[in-house]
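Undergrad: Mind looking over this structure? Questions follow.
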Amino acid sequence: VNGVLEIPVVVNVLYRTTAENISLAQIQSQIDVLNKDFNATNSDYNTANNPYSSVRANVGIRFVLDQVIRKATNKTSWGTNDAMKRTTTGGLNAVSPTTKMNMWICTIGGGILGYAQFPGGAAATDGVVLDSKYTGTTGTATFPFNLGRTGTHEVGHWMNLRHIWGDATCGSDLVSDTPTHNAANSGVPAVGHRSTCSGTPLEMYMNYMDYTDDRGMYMFTNGQKSRMLAIFNVGGSRASFR
Ligand code: ARG
Ligand code: ZN
Ligand code: CA
């Protein structure tokens, strides 16, 4: 396929309260954030004092809202066991998961903002889950996770990215142009914040795959871009999206 990869997005909304039945405007605001963050048009892309500006990437993937499906339920929270992804457990089945990215929006609970399935898993549960309070930039979106970056982070996982600290002390994210981090960052770290891992590199806390607050993260790297695009190539785990 020539040109920019375009991913249709099916949004499955599971709600008990009217607040959880988020507006189309809030859903569209999440799609808009994905389009900005994956195309280097986010307003904070050129933040000053970014020591990693030379490796920041325009990933070049577009997201198009395909359909919104809504279902009233009596569940107060859904957890992380994929119950929201199956009608047999009260949720909504994925729609065309080999050609469309499914997003489930519900109350997850337990302080979880969102979670995603990596490439290579079962089609029936493929997609990303976002808590409605951390979806998009308007409506019920709640500070400090009110800029849609949970969606960007989870779609990063869905496209095969690991956490920047490699889920271990000074672990690896399998990407060579991201530095080694001690652990997850939170809040908005100070400019110049260094890791104590080998070489004491400046940490890339402004990367979407860290745990920084939404206003503190604004880039993917070229290495992350290659890792994401590889899964859509012929023979890749998401080649069916081409
Ligand atoms: N904790 C979630 C995860 O591990 C998402 C973190 C998103 N961070 C943010 N600033 N919105 O997938
Ligand atoms: Zn994550
Ligand atoms: Ca790395």
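All of the numbers you see were taken from the coordinates with simple rules; none came from a lab. As the structure is a computational prediction, the values presented were derived from the model and not from experiment. Reconstructed Cβ throughout: ideal geometry from the backbone, glycine too, with neighbour counts over all protein chains shown.
Undergrad: Any idea what the relative contact order of the stretch 1-69 is, in percent, if you count C-alpha pairs under 8 Å spaced at least 6 apart?
TA: 57
Undergrad: Related question: What list of whole percents do you get for P(r) of the stretch 1-43, with Cα-Cα distances grouped in 5 Å bins up to the one holding the largest distance?
TA: It works out to 5, 16, 23, 20, 15, 11, 6, 2, 1, in whole percents.
Undergrad: Right, something else. Sum up the charges of everything whose Cβ sits under 11 Å from the Cβ of Val55, counting Lys and Arg as +1 and Asp and Glu as -1, but leave Val55 out.
TA: Spelling it out: positives minus negatives among the neighbours equals +1.
Undergrad: Give me Ser29, Ser43, Ser226 sorted ascending by neighbouring Cβ count inside 10 Å, so fewest comes first. List each step's numbers first, then the result.
TA: Numbers: Ser29 20, Ser43 9, Ser226 14.
Fewest-to-most ranking of Ser29, Ser43, Ser226: Ser43, Ser226, Ser29.
Undergrad: Here's another thing I want to ask about it. How would you classify the stretch 1-91 from its alpha-carbon gyration tensor, with a ≥ b ≥ c the square roots of the eigenvalues: rounded for a/c under 1.5, else prolate if a/b is greater than b/c, otherwise oblate?
TA: Verdict is prolate for the stretch 1-91.
Undergrad: For the cross-link pairs Lys36/Lys133; Lys85/Lys225; Lys133/Lys225; Lys36/Lys71, which exceed 26 Å when the distance is taken from alpha carbon to alpha carbon?
TA: Numbers: Lys36/Lys133 20 Å; Lys85/Lys225 28 Å; Lys133/Lys225 28 Å; Lys36/Lys71 29 Å.
Where the Cα-Cα span goes over 26 Å, the pairs concerned are Lys85/Lys225; Lys133/Lys225; Lys36/Lys71.
Undergrad: Defining a contact as two alpha carbons under 8 Å apart and six or more residues distant in sequence, what relative contact order in percent does the chain show?
TA: 20
Undergrad: Okay, moving on. Just how large is the dipole of the chain about the Cα centre, in debye to the nearest 20, putting +1 at every Lys and Arg Cβ and -1 at every Asp and Glu Cβ?
TA: In total the dipole reaches around 460 debye.
Undergrad: Give the residue from Val191, Asn42, Met103 lying farthest towards the positive end of the charge dipole for the chain; charges sit on Cβ (+1 for Lys and Arg, -1 for Asp and Glu) and the dipole is referred to the Cα centre.
TA: Of Val191, Asn42, Met103, it is Met103.
Undergrad: Would you mind ranking Glu154, Glu20, Glu6, Glu203 by Cβ crowding within 10 Å, fewest neighbours first?
TA: The fewest-first ordering by Cβ neighbours comes to Glu6, Glu20, Glu154, Glu203.
Undergrad: Here's something else I'd like to know. Please report the base-10 log of the normalised intensity I(q)/I(0) for the stretch 168-221, using a Debye sum with one equal scatterer per alpha carbon and no solvent, at each q in 0.28 (1/Å).
TA: Here the Debye-derived log intensity ratios amount to -1.26.
Undergrad: So, one more: Cα-Cα pairs above 15 Å in the stretch 42-137: how many percent?
TA: Numbers: 3088 of 4560 pairs.
Summing the P(r) tail past 15 Å for the stretch 42-137 gives 68 percent.
Undergrad: Would you mind computing the Rg to Rh ratio of the chain from its alpha-carbon coordinates, Kirkwood style for Rh? List each step's numbers first, then the result.
TA: Working: Rg = 17.3 Å, Rh = 18.1 Å.
My calculation of the ratio gives 0.96.
Undergrad: Ok, one more. Taking the chain as a whole, which cysteines find no other cysteine Cβ under 4.7 angstrom from their Cβ?
TA: Singleton cysteines: Cys106.
Undergrad: What does the net charge come to around Tyr15 if you take all other residues with beta carbon closer than 15 Å to its beta carbon, with K and R at +1 and D and E at -1?
TA: +3
Undergrad: Which order do Cys170, Cys197 fall in if you start with the one that has the fewest other Cβ atoms within 10 Å?
TA: Neighbour counts put them in this order, fewest first: Cys170, Cys197.
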